[in-house]
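K.L.:
If you scroll down you'll find the structure; I have some questions about it.
The values are calculated or read from the model by the stated rules, or taken from the named source; none is laboratory data. Computed from a prediction, not measured in an experiment: that's the story for all the values here. Because the Cβ atoms are built from the backbone with ideal geometry, glycine has one as well, and the counts that use them run over all protein chains shown.
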Amino acid sequence: MILDEIAAKRKIQLEREKADVSPLKMKKRAANAAFPVHSFKNAIADEGLSVIAEVKKASPSKGLIQPDFEPVKIAREYEKAGAKAISCLTEEHYFQGSSKYLADIRNNVNIPVLRKDFIFDEYQIYEAKAIGADAVLLIAALLTDEEFKPLYDLAHSLGLDVLCEAHDDEEVLRLVRMGCDIIGVNNRNLKTFEVDIENTKRLAALIPENTLLVCESGIKNNEHMKSAKNWGADGVLIGETLMRSGLTGISECMKALREGV
């Protein structure tokens, strides 16, 4: 499975990170982090359909998306175009992401920043806090309940919001049972990488009214945006569509996506 391959590579990256900065030092960095508070949860709960705009250089399914990659400039354009939050990839092998990209973005925008990664170790939560993230992604398909809940609780104890990701009904019900307050429905099957935007429509009925819903993957046009809103989504996470618009095309792309939504 693709997810297993990504997780295996991510473990190698994690071991290198721990060798560079020990877990104890990373905890101290997290404790001493003094970034302004930007609530990811409030940004998603804001009126209308909130856009989480993703800074992503590459992906396993599409390969290199943007060769001339300037993460800070992209993030600034997203903010100017009306994005409510930024999602930044920090996985290095498949997505060519970097923790440095997130740290640099944090110092240049005034909206919440989500650490988008494959998280399975508390070190990654402490590092997210240390580099200025306002929220982290936790993926149900990657974690058992016994692994998920301690990471979720740790993130909240550090003042981080958590986007809890599911891609089928079993995973949604798991997240609901654990009391997750922001659930993202990934329209991309993490085992096959096929995309079906109506996955959000199917799973929305399982998500309680007081839980925020984010539609992830496959948003390509204004019709998709309107559909997501009609299905009850509070936010949408958009990566490839915005990234392929190019730096100078972000504003027009965002305007077209959001028209009448």
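K.L.:
Checking the structure you have, find out if any residue of the stretch 69-89 is modelled with pLDDT under 95 and either over 14 Å from the mean Cα position of the chain (by Cα) or farther than 22 Å from E252 by Cα (or both).
P.N.:
Checked against the condition, which is being modelled with pLDDT under 95 and either over 14 Å from the mean Cα position of the chain (by Cα) or farther than 22 Å from E252 by Cα (or both), the stretch 69-89 yields at least one hit.
K.L.:
Could you list, in sequence order, all residues of the stretch 10-30 that are closer than 24 Å to I86 by Cβ and part of a helix (DSSP H, G or I)? Quick ask: steps written out before the conclusion?
P.N.:
At the first step, the residues of the stretch 10-30 found to be closer than 24 Å to I86 by Cβ are 10, 13-14, 17, 21, 26, 29-30.
Within the stretch 10-30, R10, Q13, L14, E17, M26, R29, A30 meet the criteria.
K.L.:
Please go through the stretch 252-261 and pick out each residue that is charged (D, E, K, R) and part of a helix (DSSP H, G or I). Quick ask: steps written out before the conclusion?
P.N.:
Let us first name the residues in the stretch 252-261 that are charged (D, E, K, R), namely 252, 255, 258-259.
Answer for the stretch 252-261, where residues must be charged (D, E, K, R) and part of a helix (DSSP H, G or I): E252, K255, R258.
K.L.:
Anything in the stretch 32-81 that is surrounded by 19 or more Cβ atoms within 10 Å (Cβ to Cβ), over 23 Å from A228 (Cβ atoms) and aliphatic (A, V, I, L, M)? List them, or say none.
P.N.:
A58, the sole residue that qualifies.
K.L.:
Against the definition (touching a residue at least 24 places away in the same chain (Cβ under 8 Å) and in contact with a Lys or Arg (Cβ under 7 Å, 6 or more places away or on another chain)), how does A33 come out, yes or no?
P.N.:
Judged against the criteria, A33 is a match.
K.L.:
A follow-up question, please. How many of the residues in the stretch 176-197 are loosely packed, with under 14 Cβ neighbours inside 10 Å and either among the aliphatic types (A, V, I, L, M) or not in a helix (DSSP H, G or I) (or both)? Outline the logic, then answer.
P.N.:
Let us first name the residues in the stretch 176-197 that are loosely packed, with under 14 Cβ neighbours inside 10 Å, namely 177, 179, 191-192, 194.
In the following step, the residues that additionally are either among the aliphatic types (A, V, I, L, M) or not in a helix (DSSP H, G or I) (or both) were identified as 179, 191-192, 194.
Of the residues in the stretch 176-197, 4 are loosely packed, with under 14 Cβ neighbours inside 10 Å and either among the aliphatic types (A, V, I, L, M) or not in a helix (DSSP H, G or I) (or both).
K.L.:
A58 fails exactly one of the following numbered conditions: (1) modelled with pLDDT under 95; (2) within 17 Å of the chain's Cα centre (by Cα); (3) at positive phi. What is the number of that condition?
P.N.:
(3)
K.L.:
Output the residues belonging to the stretch 212-245 that are free of Cβ contacts under 8 Å to residues at least 40 places away in the same chain and surrounded by fewer than 17 Cβ atoms within 10 Å (Cβ to Cβ). Steps first, answer last, please.
P.N.:
Residues of the stretch 212-245 that are free of Cβ contacts under 8 Å to residues at least 40 places away in the same chain, as a first pass: 213, 215, 217-224, 226-227, 230-232, 241, 245.
K220, N221, N222, E223, K226, N230, G232 - these are the residues of the stretch 212-245 that are free of Cβ contacts under 8 Å to residues at least 40 places away in the same chain and surrounded by fewer than 17 Cβ atoms within 10 Å (Cβ to Cβ).
K.L.:
Ok, one more. Can you name the condition, by its number, that I183 falls short on among (1) closer than 26 Å to A8 by Cβ; (2) of a type outside the set (S, T, N, Q); (3) at pLDDT 95 or above?
P.N.:
With (1) closer than 26 Å to A8 by Cβ; (2) of a type outside the set (S, T, N, Q); (3) at pLDDT 95 or above applied to I183, the lone miss is (1).
K.L.:
Across the stretch 1-29, what is the total count of residues that are of a type in the set (S, T, N, Q) and more than 30 Å from F193 (Cα to Cα)? Step through it out loud before you land on a result.
P.N.:
Within the stretch 1-29, the subset of a type in the set (S, T, N, Q) is 13, 22.
Right, trim to more than 30 Å from F193 (Cα to Cα) and you get 22.
Result for the stretch 1-29: 1.
K.L.:
Is there a residue being in contact with a Leu (Cβ under 7 Å, 6 or more places away or on another chain) and aliphatic (A, V, I, L, M) anywhere in the stretch 99-108?
P.N.:
From the stretch 99-108, those in contact with a Leu (Cβ under 7 Å, 6 or more places away or on another chain) are none; that's our starting set.
Scanning the stretch 99-108 turns up no residue that is in contact with a Leu (Cβ under 7 Å, 6 or more places away or on another chain) and aliphatic (A, V, I, L, M).
K.L.:
Please note which helices (runs of 4 or more DSSP H) are completely contained in the stretch 198-251 and include at least 3 residues that are farther than 18 Å from K62 by Cβ and at pLDDT below 95.
P.N.:
Values: elements: 199-204, 222-230, 240-243.
Helices (runs of 4 or more DSSP H) meeting the threshold: none at all.
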